[in-house]
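Input: a single structure, listed below in structure tokens.
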Amino acid sequence: MFKSVLSAAIIASLAGCATQPEQEWNADETYKLTILHTNDHHGRFWENKYGEYGMAARKTLIDQIRSDVEAEGGSVLLLSGGDINTGVPESDLQDAEPDFKGMSMIGYDAMALGNHEFDNPLEVLFKQKEWANFPMLSANIYDKETSERLFDAYHMFDKQGIKIAVIGLTTEDTAKIGNPEYIGGIEFRDPKVEAKKLIAELKRDRKTGSYFCCDSHGSL
């Protein structure tokens, strides 16, 4: 389902931007963009006793895909739908430090915040943000006191002259299932409303030739 929605978003944006006067890409040329997506990691840094999971195996697979795509002149975006936290004690007791640093080594491009990123106090999440060398995104998480977004709403990438805005959205159910002690000062707004509003803002800057896709956990 995610792949279908994502493809539709990209195709729609291609059509919408095709007539723009200022663009680096060629409308008559075919571009190959491979989008890799993972979610619900839940502390699975290590391989289990059944030979499942493990970030080393994931890196091997992703490196091979990147190599194959780039050999054919294409580009890769590696995204995460979040929920890195809460899974196995080895990760939980270290605030998922191995996991975020492992994702950085694998070369993730961006991550949407999942509801389990709020299983811990906010200071843990901000610490994890420092461990990650990729943007952690959410367009619909606001500080109740300031009414400002707590995280970047999107990140812009340039692949072969094509500008791609990756938007992060977090399920609004986080407000119901999260620990009130940790999220009392946070407002989780409707991700559908925030997505429409943000895409409209981005599309107003038509001269960029931007293309849009969303990376979310649970809400879209």
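The values are calculated or read from the model by the stated rules, or taken from the named source; none is laboratory data. As the structure is a prediction and not an experimental result, all values here were calculated from the model. No Cβ is skipped: glycine too gets one built from the backbone with ideal geometry, and neighbour counts run over all protein chains shown. Note: accessible area is taken over every heavy atom of the protein model, side chains too, but ligands, DNA and RNA are not part of it. Shrake-Rupley method; radii C 1.70, N 1.55, O 1.52, S 1.80 Å.
Under a straight-distance cross-link criterion of Cα-Cα below 27 Å, which lysines are reachable from Lys197, leaving out those fewer than 8 residues away in the same chain?
Partners found: Lys3, Lys129, Lys144, Lys159, Lys163, Lys176, Lys207.
Could you report region 58-181's accessible area per residue, 1.4 Å probe, as an integer in Å²?
44 Å²
Scan around Leu150 for amide H atoms under 5 Å from its own, H built in the peptide plane at 1.01 Å from N, and keep only partners 5 or more places away or cross-chain.
Ile141, Tyr142, Asp143
Evaluate the distance, in nm, between pseudo-label points positioned 7 Å from the Cα of Val69 and of Asp205 along their respective Cα→Cβ axes.
Placing both labels 7 Å along Cα→Cβ, they lie 2.3 nm apart.
How high is the relative contact order of region 69-110, given as a whole-number percent (alpha carbon pairs under 8 Å, six or more residues apart)?
Relative contact order here is 43 percent.
Amide H of Phe157 versus every other amide H placed in the peptide plane: which residues, excluding those fewer than 5 positions away on the same chain, fall under 5 Å?
Ile164, Ala165, Val166
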